[in-house]
Amino acid sequence: MIRRFGTPPDGARRYKRRPGAYVALLRGDDILVTRQYLPETMDAPEIQLPGGGIDPGESPIPALHREVYEETGWHMTPPRRLGAFRRFTYMPEYGFWAEKLCTIYVARPTVRLGPPIEAGHEAIWMPKSVALRVLFNEGDAHFLSKL
């Protein structure tokens, strides 16, 4: 059974399963996170581990490399899997409720090719201790705390 973080599912609601891959990108005591601005929350951005959904027909590792580049502008070393968790949430950018199956990895950044190319994302380096306090979801913080 995969551990759940966040709000329990609402039995009256239908959820679409959405697999995703996310990574803790470490450099010394610092971690690269992404600050995501959604149109609905411009005044309350989310601090997240880089990563995102795995598209149909896509494998987790290539999806993770793609998402990291899109959200941060960085390339990374081959990732190592830390674990997985579930989260039930509304995804405003897609307009549906999702059961997110989040697989968490750890890797090192290698080279920055430029700024994030995905709209609404900003790459930020911060001390791991700070990230543990400000990460948007408990699952990300749980796996970061294990490192």
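Values computed for the structure shown
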{"quantity": "Filtered residues of the stretch 41-88 (kept if among the β-branched types (Val, Ile, Thr), surrounded by fewer than 19 Cβ atoms within 10 Å (Cβ to Cβ) and modelled with pLDDT of 95 or more)", "calculated": "ILE61, THR77"}
{"quantity": "Some residue of the stretch 14-26 being at pLDDT 95 or above and in a loop (DSSP other than H, G, I, E, B)", "calculated": "yes"}
{"quantity": "Some residue of the stretch 48-56 being under 30 Å from GLY11 (Cβ atoms), in contact (Cβ under 8 Å) with a residue 60 or more places away in the chain and under 15 Å from the mean Cα position of the chain (by Cα)", "calculated": "yes"}
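The values are calculated or read from the model by the stated rules, or taken from the named source; none is laboratory data. Source: prediction; values computed, not measured. Positions of Cβ are generated from backbone atoms using ideal geometry, with glycine treated the same way; all protein chains shown enter the neighbour counts.
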